Structures are given as structure tokens and as C-alpha cells.
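Participant: Below are the C-alpha cells for one structure; questions will follow.
What follows is calculated from the coordinates using simple rules that are stated; it is not laboratory data. Everything numeric in this text was worked out from a predicted model, so none of it was measured. Quick reminder, even Gly has a Cβ in these numbers, built from the backbone with ideal geometry, and neighbours come from all protein chains shown.
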Amino acid sequence: MIKNVSADILIIGSGLAGCAAAYKAASAGKNVLVLEKMDYFGGNSNLAGGGYASSDSVLKYREKFNLEPDSWQLHAEDTFKAGGGIGDMALIETMAKGAPEGLNWLISCGVTFTDALNQIGGHSVHRAYMSDITGRQIMDKVHAAAEAAGAVFMNRCAVTGFLKENGRVTGVTAVRKMPEDGEGETEDEKLTIMASDRVIIASGGFSRDTALRQKYCPALTEDYGCSNHEGATGEVIRLAQQAGAAVTGMEYIQLYPCADPKSGGIDTCGFHAYTGAGYGMIYVNQKGERFVNELLGRDAVSDAQVQNCEKPTFAVFNQEIADILGLSGDEIERFTKVKRLYAADTLEGLAEAVNIPAGALRAAVDSHNAFVAGEKEDDFGKVRGTTFHLLKDGPFYAIPQWPTVHFTMGGLKIDTKARVLDGQGQPIPGLYAAGECCGGIHGKNRLGGNALAECVVFGFIAGECRR
Ligand SMILES: Cc1cc2nc3c(=O)[nH]c(=O)nc-3n(C[C@H](O)[C@H](O)[C@H](O)COP(=O)(O)OP(=O)(O)OC[C@H]3O[C@@H](n4cnc5c(N)ncnc54)[C@H](O)[C@@H]3O)c2cc1C
């Protein structure tokens with residue numbers, strides 16, 4: 001038997017984009033239903049390191065730390081440039097302009113941020129606000145805000161198709177899995193869910209969908225690790241295509257350069273290895289040599305590893321940088337025990353611990369220190385930053401790292417009103433999308449912190465019910 005359900009607004013996916021849309025629509029008095037296929041809510045957003053790129057916020061860190069000026073225009077320019085000049089400038093500007101409002105909303109939901117503004121790879125200025133709570137905790141807060149506004153969430157409910165009438169998307173078909181230990185009904189439930197106002201796709205990216213990613217990027221076989229949650233598969237993108245939606249940029253799939261070489265996951269060490277570049281951390285190969293400008297975009301740093309290095313490479317830093325990053329003594333002890341991080345009082349001791357030539361590591365550090373001190377230009381063209389530190393006093397640390405499949409830049413084609421477009425560039429009535437399921441913003445390569453901004457900005461637009 002097929003059960004019929006209805007709502008004003010139906011949202012597919014309970015990640016950040018879905019929650020932002022649900023909050024906005026429910027706050028406008030709409031009857032909102034969010035469908036989530038997994039038995040947990042929050043998707044990839046649960047795993048996020050909490051970096052959010054924004055040119056401004058109520059925290060006013062730029063003024064507080066006397067940092068260089070920024071603007072939404074510069075944020076948009078950096079995003080376009082990092083994306084290889086192929087991103088959709090109208091979408092990019094919408095994201096950059098809306099990012100501060102989105103960040104302020106997260107803060108109003110109770111998301112807290114560290115007392116620092118970071119410069120991360122590819123951004124020309126310090127612009128990344130870093131949450132000091134986990135992605136899971138961020139999602140608990142925004143999920144609660146959406147529920148408090150009146151949105152209803154249903155898990156274990158996978159969308160299997162779109163319903164259309166006279167060219168308009170009017171709802172979806174779905175299957176709701178019964179819990180294995182559930183009492184009473186055990187058959188999966190088939191649902192037809194109608195949406196009188198709109199359907200919003202917020203189903204995330206497809207990094208875990210090896211078949212789909214290999215369709216566009218044959219080199220990204222199963223041998224690559226993946227940082228995403230299990231549900232990051234692209235069936236909703238495929239179903240939307242069957243309903244007439246166009247896709248863009250599907251071949252652009254981002255590798256994250258600093259993942260755990262063993263699991264392919266991104267843990268605390270992986271986040272620190274990436275963020276630390278803005279404070280003067282260096283990356284070295286197994287010969288103990290630097291091989292890249294650490295502040296380049298993720299694509300360039302990943303490419304440099306895959307093309308020119310043996311697995312793994314190492315992020316090298318000292319106590320001063322560890323303190324800035326907030327890497328605690330307890331964490332250092334925990335990570336060194338499991339060989340996720342190596343520590344030594346001297347550089348030579350560190351080289352021995354990770355089995356790389358001490359002389360080469362010393363030469364790499366000395367040369368980088370001379371650059372940081374203003375005595376020479378960087379060997380890899382890095383621009384000297386005001387927040388760089390000398391790698392002078394120990395203890396010294398090394399984090400092994402290697403690229404992992406991380407983010408899909410491509411996806412559904414949308415316009416600045418978050419309307420899903422068809423092959424002729426026309427909006428499909430009743431169909432909207434937001435978040436990582438969309439393409440067009442990040443071009444060939446996404447800048448760190450831009451995904452969370454994109455989710456909130458376009459989630460808000462999709463959920464905003466002004467016509
Ligand atoms: C480890 C990690 C760290 C990251 N760190 C950052 C960071 O610090 N800053 C940043 O900007 N970005 C970061 N990103 C990227 C960012 O987290 C994601 O791009 C973003 O959270 C995606 O949000 P979303 O709402 O679009 O999708 P998701 O959060 O993935 O939510 C989509 C939801 O849709 C559900 N779904 C899919 N198909 C169906 C279906 N058929 N039916 C019903 N539900 C379905 C999924 O199960 C999922 O729960 C990180 C990503 C990872 C993996």
C-alpha cells in the first residue's frame with residue numbers, strides 16, 4: 001500500500017542546506033517536511049570542520065585582530081579565481097554577499113567560533129571563521145532551530161523519484177525503511193509526498209558514489225580514500241536529471257590534501273594540517289623537502305602530492321603553531337600514541353621519528369624561516385603573511401597526510417533564486433536546490449569554508465517563499 005503525505009514545502013536532505021531552508025520556510029509559516037534517507041540526520045555537514053568563509057560578521061574579528069581589509073567583492077573574486085575562472089559569477093556573488101548573514105544566523109543558533117580569523121589555502125586574506133564545536137554539534141543546533149520554527153523531520157526515508165504535473169514538480173515518491181528492531185510493521189513503507197509550494201533538493205554531494213564519480217573522473221577509483229559520510233551518493237541528482245534538470249561541472253571533484261593516509265578520513269589532525277599553513281606550517285615529502293606553496297588551493301596541493309610525492313607527506317610545525325591552533329597536550333599525547341602525529345624536541349629527532357633525512361628537513365626549515373624573516377623570497381612563490389611564525393623552538397611535530405576524495409564541485413544547475421534549471425536554462429517550476437548537490441559556484445576547485453557559506457545562503461534563498 002502507498003501512503004499519501006503532503007506538505008507546503010518538501011526538503012530532501014537534513015544537512016546544513018536542508019536545515020537552513022527548513023528554518024527559513026517554517027519561519028515564514030509554511031508547513032515543512034524534511035526527508036532524510038539515513039537513520040541519522042545531518043549528512044556530511046556533521047563531519048565539517050566548521051570553517052566558514054565570510055568577509056564580515058557580528059564578531060568583528062577583522063577589527064579586533066587588526067587584519068587586512070576584506071569585502072564580499074574580494075571574497076567573490078578569490079572564489080572565481082580559485083575555481084579556474086569558470087564559476088558562475090552571479091551565483092558566486094550571491095554566496096559572497098550573503099555569507100555574513102548566514103554566519104550571523106549560525107551564531108544566533110548557538111554555534112560558537114574560536115577567537116581567530118584564519119587564512120586558508122586560496123583565500124587572499126584572513127576570512128575563515130572556525131567553529132570550536134564539532135560539525136555534529138553545529139548540526140544539532142541548526143536542526144533544533146528548524147524544528148523550533150515548526151519544520152518536521154523524517155529519517156530513514158529515501159526519495160526515489162520526482163512527481164510532475166504539467167511541467168511542474170509537485171512532489172516525490174519515497175521509501176521509508178522500518179527500523180530492524182522495530183515493533184509492529186516490518187515492511188518498508190512506500191510513500192507519495194505532495195508539495196503544494198515547492199520541492200527543495202538539499203541532498204548533498206556524491207563523493208561516495210564511486211560509479212557516478214568515475215563516470216566523470218575515471219581516475220577516481222575505489223582505491224582513493226573518501227572523507228564523506230556513507231549517504232553522500234548522487235541518486236537524487238540522477239532523478240532530478242530524469243525530471244529535466246541540467247547538471248554542470250560534474251567532472252570537477254576535489255581532493256583534500258591533508259587527510260589521514262590510512263583511513264582517508266579528515267580528523268582533528270587533518271584539519272590542523274590544513275589550517276596550519278596560514279601560520280607558517282610547511283609540508284615536506286619523504287626526502288624531507290618542501291614540494292609546494294602550502295597556501296595554494298586544495299587542487300594544487302593535492303596534485304603536487306599525487307604527481308610528485310610518495311605517500312605519505314608530512315605537515316611540519318612547532319609548539320608555537322600548535323598553541324595557536326589549539327592543539328592541546330592531551331590531544332598531542334593521544335595522537336602520538338596511535339602514530340597519527342609524531343613529536344620530538346628537535347628537528348633531527350622528528351626526522352628520525354618519521355624516517356626522513358634530517359639534513360634535508362633542517363635545510364627546508366632554515367630556508368622557510370629565512371623567507372618568514374624577510375631575508376629571501378619563498379622557493380615556491382608563497383606570499384609572506386603577517387601571521388606566519390618561525391619554526392625555531394621545539395617541540396616539533398609532524399602529521400602524515402595524503403589526498404582523499406572530499407567534495408563534488410558539480411551538480412544541479414541553479415540560478416540566483418535557487419531555482420533548478422533545465423537544459424534550456426529555464427527554471428523547472430516547483431523545483432529548487434541548495435548546497436553541495438548544486439554546481440556552478442566553485443568552478444574547478446572549492447575554497448575552504450565556502451561550502452558551509454553556500455549551504456546557508458542558498459538554503460535561505462530556496463526556503464524563502466517570496467515569489
Ligand atoms: C570531513 C569534512 C569536513 C568538511 N569541512 C568543511 C568546512 O570546515 N567548511 C566548509 O565550508 N565545508 C566543509 N566540508 C564540506 C561541507 O561539509 C559540505 O559540503 C556540506 O556540509 C554539505 O551540506 P549539504 O547540506 O549540501 O549536504 P549534506 O550535509 O551532506 O546533507 C545531505 C543529506 O541528504 C541526504 N540524502 C541524500 N540522498 C537522499 C535521498 N535519496 N533521500 C533522502 N535524503 C537523501 C543525505 O543522507 C544527507 O544527510 C567538509 C566536508 C567533509 C566531508
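Participant: Pairs of alpha-carbon atoms within less than 8 angstrom and 6+ residues apart define the contacts here; what relative contact order does the stretch 254-405 have, in percent?
Facilitator: Across the stretch 254-405, relative contact order equals 40 percent.
Participant: To check you understand DSSP bridge types, tell me what percent of the beta bridges within the stretch 1-135 (both residues inside) are antiparallel, rounded to 5.
Facilitator: DSSP beta bridges in the stretch 1-135 are roughly 60 percent antiparallel.
Participant: Which of the peptides 256-266, 440-450 is most tightly packed, and how do the rest follow, going by the mean number of other Cβ atoms within 10 Å of each residue?
Facilitator: Descending mean neighbour count gives 440-450, 256-266.
Participant: Could you check the spin-label model distance between L220 and K60? Points 7 Å from the Cα along Cα→Cβ, value in nm.
Facilitator: 4.2
Participant: Between the stretch 114-144 and the stretch 1-64, what is the separation of their alpha carbon centroids in Å?
Facilitator: 16
Participant: Separate question: For the Cα atoms of the chain, what angle does the longest principal axis make with the long axis of helix 89-108, in degrees from 0 to 90, nearest 10?
Facilitator: Value to nearest ten degrees: 90.
Participant: Subtract the Cα-Cα distance of D39 and K337 from 0.36 nm times their separation in residues, and report this length gain in nm to one decimal.
Facilitator: 104.0 nm
Participant: Another question, then. Any idea what angle helix 450-463 forms with the longest principal axis of the chain, computed on alpha-carbon atoms, 0 to 90 degrees, nearest 10?
Facilitator: In the chain, helix 450-463 runs at an angle near 20 degrees to the longest axis.
Participant: Using a simple charge model, +1 on the beta-carbon of Lys and Arg, -1 on the beta-carbon of Asp and Glu, nothing else, what dipole does the chain show about its Cα centre, in debye to the nearest 20?
Facilitator: It comes to approximately 1140 debye.
Participant: Of all DSSP beta bridges located in the chain, what percent are antiparallel, nearest 5?
Facilitator: So the antiparallel bridges amount to about 65 percent of the total.
Participant: Residues with amide H under 5 Å of L163's amide H, sequence separation 5 or more or different chain, H placed in the peptide plane at 1.01 Å from N; which?
Facilitator: T170, G171, V172, T173
Participant: Follow-up. Once you sort the root eigenvalues of the Cα gyration tensor of the stretch 254-405 as a ≥ b ≥ c, which label holds: rounded (a/c under 1.5), prolate (a/b larger than b/c) or oblate (the other case)?
Facilitator: The shape class here is rounded.
Participant: Compute the distribution of all C-alpha to C-alpha distances in the stretch 84-138, in bins of 10 Å from 0, and list the percent of pairs in each, rounded to whole numbers.
Facilitator: 20, 44, 30, 6
Participant: While we're here: With respect to the cross-link table entries K382/K417; K30/K141; K30/K97, which display a Cα-Cα separation exceeding 31 Å?
Facilitator: Result: K382/K417 exceed 31 Å.
Participant: Work out, step by step, the length gained on full extension between S263 and K392: first 0.36 nm times the residue separation, then minus their alpha carbon distance; give nm to one decimal.
Facilitator: Value of the extension gain: 43.3 nm.
Participant: How far is helix 72-82 tilted, in degrees, relative to the longest principal axis of the Cα atoms in the chain, given as a value from 0 to 90 rounded to the nearest 10?
Facilitator: Around 80 degrees separate the two axes.
Participant: Which value, to two decimals, describes the C-alpha radius of gyration of the stretch 36-157 once divided by 2.2 N^0.38 Å?
Facilitator: Its radius of gyration relative to the 2.2 N^0.38 Å reference: 1.16.
Participant: Return the distance in nm (one decimal) between the two label points of a simple spin-label model at N4 and E310, each offset 7 Å from Cα along Cα→Cβ.
Facilitator: 6.7
Participant: Sort 105-116, 24-35 by the packing proxy (mean of other Cβ within 10 Å over each peptide's residues), most packed first.
Facilitator: 24-35, 105-116
Participant: Then there's this: Using only the C-alpha atoms of the chain, find the volume of their convex hull and express it per residue in Å³.
Facilitator: Taking only Cα atoms, the chain has a hull volume of 143 Å³ per residue.
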